[in-house]
Amino acid sequence: QVQLVESGGGLVQAGGSLRLSCAASGLIFRLNAMDWYRQAPGKQRELVAAITRGGSINYADSVKGRFTLSRDNAKNTLYLQMNSLKPEDTAVYYCHTGSSPFDYWGQGTQVTVSS
């Protein structure tokens, strides 16, 4: 079955950087659009960045210019490079693919940005 496993979260000071990874299995990775979502305490889950199978990328306005999404089809891995982190970026970050109801989520990785 499809599995998405995130890693790379942690605690960082404001202005710092983290790189999240999402290792995918059970699917033909290169044929799938992939996304990163995040959910902060008390807030709805929101789309952070999305990449099509052709490599087109879209970002939420709140992360444009600071986050970079990429994929390595040879390694079946999705990345999210996060620079200039702000306290408001604190959330659980989830890897996602597919369209509801035929979609898949990772377990999430916590990112905490201290001020």
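Can you give me the long-range amide H partners of K86? Hydrogens built in the peptide plane at 1.01 Å from N, cutoff under 5 Å, separation of 5 or more residues or another chain.
Residues meeting the amide H criterion: G15.
Report, to the nearest whole %, how much of the accessible area of the chain belongs to carbon and sulfur atoms, 1.4 Å probe, protein only.
48 percent
Find the eigenvalues of the gyration tensor of the Cα atoms of the range 1-108, then list the square roots of 5 times those eigenvalues as equivalent ellipsoid semi-axes, largest first, in whole angstrom.
22, 15, 13
Based only on Cα atoms, what Rg/Rh ratio does the range 46-115 have, Rh being taken as Kirkwood's radius?
On the way: Rg = 12.8 Å, Rh = 13.3 Å.
Over the Cα atoms of the range 46-115, Rg/Rh equals 0.96.
Which whole-Hz ³J(HN,Hα) couplings does the range 14-29 yield from phi under the Karplus relation 6.51 cos²θ - 1.76 cosθ + 1.60, θ = phi - 60°, glycine and proline marked x?
Going residue by residue, I get 3, x, x, 9, 9, 10, 8, 10, 9, 8, 10, 8, x, 8, 7, 3 Hz, with x marking Gly and Pro.
Once you've got the GNM for the chain with C-alpha springs shorter than 10 Å, pick whichever of G54, G42, G26 has the biggest mean-square fluctuation.
Evaluated over the chain, the most mobile residue of the options is G42.
Leaving out ligands and nucleic acids, and using a 1.4 Å probe, what accessible area per residue does the chain come to in Å²? Can you show the working numbers first?
Values: 6230 Å² over 115 residues.
Heavy-atom accessible area per residue stands at 54 Å².
The values are calculated or read from the model by the stated rules, or taken from the named source; none is laboratory data. On a predicted model such as this, the values are computed, not experimentally measured, just so you know. We work out accessible area using only protein heavy atoms, side chains counted, and drop any ligands, DNA or RNA first. Shrake-Rupley method; radii C 1.70, N 1.55, O 1.52, S 1.80 Å.
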